[in-house]
1. Pairs only if they're at least six apart or on different chains, beta carbon under 9 angstrom, first in the stretch 1-20 and over 18 Å from residue 75 (Cβ atoms), second of a type in the set (Ser, Thr, Tyr); list them, first residue then second.
2. The conditions are (1) in contact with a helix residue (DSSP H, G or I) (Cβ under 6 Å, 6 or more places away or on another chain); (2) in a helix (DSSP H, G or I), and residue 54 fails exactly one of them. Which is it?
3. Scan the stretch 23-49 for residues that are basic (Lys, Arg) and surrounded by 15 or more Cβ atoms within 10 Å (Cβ to Cβ) and jot them down.
4. Being closer than 15 Å to residue 11 by Cβ and touching a residue at least 24 places away in the same chain (Cβ under 8 Å) is the filter here, so list the residues in the stretch 46-74 that pass it.
5. Which ones in the stretch 1-34 are assigned to a helix (DSSP H, G or I) and touching a helix residue (DSSP H, G or I) at 6+ places or on another chain (Cβ under 8 Å)?
6. If residue 79 passes every condition in (1) modelled with pLDDT under 95; (2) among the polar types (S, T, N, Q); (3) touching a helix residue (DSSP H, G or I) at 6+ places or on another chain (Cβ under 6 Å) but one, which one does it miss?
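The values are calculated or read from the model by the stated rules, or taken from the named source; none is laboratory data. Everything numeric here is computed off the predicted structure, so don't read it as measured data. Cβ placement follows ideal geometry from the backbone for every residue including glycine, while neighbour counts extend to all protein chains displayed.
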Amino acid sequence: MDEKIFKARTKKLAVAIIKQMDKLPHSRSADVIAKQIIRSGTSIGANYRAACRAKSTADMINKLKIVEEETDESGYFLNYF
């Protein structure tokens, strides 16, 4: 998968996450988890874009590990719904 496609897919994911979280009923616990999912889900694309601008291979790998961590965190919190 090339960079342009992955950027588009991660942006689409962020928009979908935001829309889904807006549909949740409002409660204290749902609001807290929704905010966390929005933070981690939207940071996937932002961190991928940062990886594309990395200054070195090591820097790129480090940034991609952050993408991986945020993806895993998003999946963890999505299991609550």
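1. 3/48; 7/48
2. The number of the failed condition is (2).
3. Result: 49, single match.
4. 48, 49, 52, 70, 71, 74
5. Correct list: 3, 6, 7, 10, 11, 13, 14, 17, 18, 21, 33, 34.
6. Result: residue 79 passes all but (3).
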